[in-house]
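Read through the structure below, which is laid out as structure tokens, and then see the notes.
Every number in this text was worked out from the coordinates using simple rules, so none of it is lab data. Just so we're clear, the structure is a prediction, and the values are computed from it rather than from any experiment. Every residue, glycine as well, gets a Cβ built from its backbone with ideal geometry; the counts of neighbours run over all protein chains shown.
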Amino acid sequence: MRDEALGANPLAEAVQAVLLDSLNMKTDLEVLEQRVFRERLWKQDLQFVWIRWFMDYPDPHNEYFDTFYGKKTTGRRQAWVNDAFDKELESGRDTRDPAKRLEHYKRAEEIMQTDVGYVPVAWVVRYGAAKPWVKGIERNKVGLPVVDGNIYVNMLEHIYVLDRG
């Protein structure tokens, strides 16, 4: 895994413990400097990889195409390639109808899970709560509050206080 903050090591160690306990699979955790990790990842020189991933924008294209598309010439994170999967991604990318796009990405997910293209092992969920009268909370395009906390910003760096003065 790459050397990073935000609790990645304890989560990776917990996954190690589950793999050992449930599958009798012993793994060694090798924490690599970011540059070294990336170089070895792009070369596909790592047998088993722990990657913490956040979507950059809320669209399946980011999660599937940017991460798992098999025809990328650089920056591929895995050796797995499936032509049917790639075809669904291309169709989803090129379709403007939102419902049809999601159908393509749904079929891509089914292909990936059936072919075991990757194994998601943990999901980190961040929540935020605020009383309705609290103002100034950033919202996304659909009106949902944006909770700080991904690999680019420090978690919960903003606090919003209502001035009742």
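Grab the Cα-Cα distance for residue 40 and residue 73, subtract it from 0.36 nm times how many residues apart they are, and report the gain in nm with one decimal.
10.4 nm
If I take every Cα pair under 8 Å that is 6 or more residues apart in the range 54-121, average their sequence separation and divide by the length, what percent do I get for the relative contact order?
Relative contact order of the range 54-121: 26 percent.
Would you grab the residues whose amide H sits under 5 Å from the one on residue 32? Only those 5+ places off in sequence or on another chain, please, with H modelled 1.01 Å from N.
Residues meeting the amide H criterion: 2, 3.
Tabulate in residue order the Karplus-calculated ³J(HN,Hα) for the range 91-108, using 6.51 cos²θ - 1.76 cosθ + 1.60 with θ = phi - 60°, rounded to whole Hz; enter x for Gly and Pro.
These are the phi-based 3J(HN,Hα) values: 5, x, 4, 8, 9, 8, 6, x, 5, 5, 4, 5, 4, 5, 5, 5, 5, 4 Hz.
For the range 10-39 and the range 79-146, write down the distance between their C-alpha centroids in whole Å.
With the range 10-39 and the range 79-146 each reduced to a Cα centre, they are spaced 25 Å.
Please give the charge dipole size of the range 1-52, origin at the Cα centre, charges +1 on K and R Cβ atoms and -1 on D and E Cβ atoms. Round to the nearest 20 debye.
The calculation lands at about 200 debye.
If I take all pairs of Cα atoms in the range 1-130, what percentage of them are more than 20 Å from each other?
Considering the range 1-130, 54 percent of its Cα-Cα pairs are separated by more than 20 Å.
Could you sort out which of 43/87; 106/131; 26/87; 72/100 sit more than 28 Å apart by Cα distance in this structure?
Listed pairs above 28 Å: 106/131; 26/87.
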